[in-house]
Amino acid sequence: MSCKPKTDEKVLYKMKRIALALLICLTGASSAMGVTIEWWQFWTDSDIKPVIESMVTEFEEANPDIEVELRDLTWANGHEKIVISLASGSGPDVLELGSDWIAQFADKNQLADITEYIVDDSSEFQGWGMATYRDKVYAKPWILGTRVMFANRDLLDRAGHDEDFVPINFPDLVSSTQKVDALGDDIYGWGSNAPEKHRLYKKFLPFFWSYGGKIYSDDGKYVLLAAMPGIEGLRKYKWLHEHVGYVANQRGLEDAFLDGKIGYVISGDWLLKRIKKENRDIELTSMLIPGPKFPGFSFMGGEFLAINAASENKEAAMKLIDFITAPKNQVRFCKAAQAANPSSLTAQEDEYFTSNIHFQTFIKQIKLAKHPPVDPNWVKIEAAIEEAVEEALFGSGLVAEPLRKAALKVRQLKAE
């Protein structure tokens, strides 16, 4: 009887290691199980980019089998680059997307459905509605944004208001803007946005929503843009524009406001950052946007993180998204960006936000904020709304007719 010689286990182990080393050399892989994912993002500011890079480094240390390559985009052409890359079936694994871009790409099956990944922690974040298209979630909320109303307290004092006065409803606002406007020829009660693309509609929609206006019916079947509640919202916005309004683009309004020429403006958290950066001497009051009887609704948007449907590393990509959107990292990001609205409810409880009275206004307002419909045609719908508001304010002066024409355009888009 003969026996086959046993292979020495150490020799076999060495043979396997040699074979593995040869495989690594041939494939160019950095490790046996390692993957490289690419993230396209827009934050290039010198105060913010280092924080992004630091978080990526920490992620790689916690996940040594995953390497992250960052690529910076600009707001000037970033959207176009994303469109081209996704259409070609290539592009990065992880993308930063503005809230109004999500439906555009999801409709073309260019974003991965991440619904299964987020069920467990969905209640800990705000903003899911903007990332949900046809009952599927295509992105995770990161940093949100809304608009609040700011007042120059010195002008309010000069107009005879008590030191704790804030307008709760539209009648209060009308009365106050009239008193401020009466202070002098170079003083205005209200800052009214000029026909500025992508901005004018964000100033009008809070009035539209606060008065009960809807773009679509709740079931999405009907266009309600020109219904009476929406008309009333535009009529109120037009009154402020015509009677107490200082008209300029967003930057011009904020310049005049900080120079003490305007009583009230609607703006975002970037105004707080500018005041701090420029060391402006202004007694500022922030407040919720007034509605017909009580505080009304504001506009909500935000930055989201999504996964390319063509990515071969979706699990690793989701790990990165979860890490970047973790509460502690949202706080770090907001401190660097001086941003007021993390999507994480836990992050909102950090002292950085609770100790800042203006940030608290933003956090309260985001709970009373609405976002536009998650519609792949939103850019065209937005343009139709802006044209209507522009005509009402700067053209014919009519209110109902411009909204009716805008509603017809939106109906045509839905029918296509």
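Order 359-369, 86-96 from most to least packed using the mean count of other Cβ atoms within 10 Å.
Working: 359-369: 20.5, 86-96: 18.7.
Order by mean packing, descending: 359-369, 86-96.
Dividing the helix sum by the residues of the chain, where each DSSP H run of 4 or more adds -39500 (n - 2.57), gives a mean residue ellipticity at 222 nm of -13500 deg cm²/dmol.
Seen from all sides and averaged, what is the projected area of the convex hull of the Cα atoms in the chain, in nm²?
Computing the convex hull of the Cα atoms and averaging its projections yields 27.1 nm².
Ranking Y133, F150, L70 by Cα position along the charge dipole of region 30-176, where only Lys, Arg, Asp and Glu carry charges on their C-beta atoms, puts Y133 farthest toward the positive end.
The fewest-to-most ranking of M228, M287 by surrounding Cβ atoms within 10 Å reads M228, M287.
Using the number of other C-beta atoms within 10 angstrom as an exposure proxy, rank K236, K414 with the fewest first.
Details: K236 21, K414 15.
By the 10 Å Cβ count, ascending, the order reads K414, K236.
The shape of region 138-206 can be summarised by an equivalent ellipsoid whose semi-axes, obtained from the alpha carbon gyration tensor, come to 29, 16, 10 Å from longest to shortest.
Using the crude model of +1 on Lys and Arg Cβ and -1 on Asp and Glu Cβ, and no other charge, please compute the dipole size for region 169-323 relative to its Cα centre, in debye to 20. It would help to have the intermediate numbers written out before the result.
Working: 20 positive and 20 negative charges, 49 e Å.
Once rounded to the nearest 20, the dipole reads 240 debye.
Percent antiparallel among DSSP beta bridges with both residues in the chain, to the nearest 5? Here the share of antiparallel DSSP bridges comes out near 60 percent. Residues whose amide H falls under 5 Å from that of G291, counting only those 5 or more places apart or on a different chain, are F170, G296, with hydrogens built in the peptide plane. Name the residues whose placed amide hydrogens come within less than 5 Å of the amide hydrogen of M300, ignoring near sequence neighbours (fewer than 5 apart) on the same chain. Residues meeting the criterion, in which the H sits 1.01 Å from N, are K370, H371. For T44 and V379, the FRET efficiency from 1/(1 + (r/R0)^6), where r spans their Cβ atoms and R0 equals 30 Å, is about 0.80.
Close amide H partners of L224, meaning residues 5 or more places away or on another chain with modelled amide H under 5 Å apart, are Y216, S217.
Around G301, what is the net charge, scoring Lys/Arg as +1 and Asp/Glu as -1 over all other residues with Cβ under 11 Å from its Cβ?
Values: positive: R147, K202, K370; negative: D100, E303.
Counting the neighbours of G301, the net charge comes to +1.
Paramagnetic label reach from L398 (point 7 Å along Cα→Cβ; backbone nitrogen cut-off under 20 Å): within region 225-249, residues 225-239, 242. When you filter the chymotrypsin sites (Phe, Trp or Tyr not before Pro) in region 202-231 for DSSP loop state and at most 15 other Cβ atoms inside 10 Å of their Cβ, you are left with Y222. Hey, any idea what Rg/Rh is for region 172-303, computing Rh the Kirkwood way over Cα pairs? Rg/Rh for region 172-303 comes to 0.99.
Read-outs: derived from the displayed coordinates by stated rules, not from any lab. Everything numeric in this text was worked out from a predicted model, so none of it was measured. Positions of Cβ are backbone-derived with ideal geometry, glycine not excepted, and every protein chain shown enters the neighbour counts.
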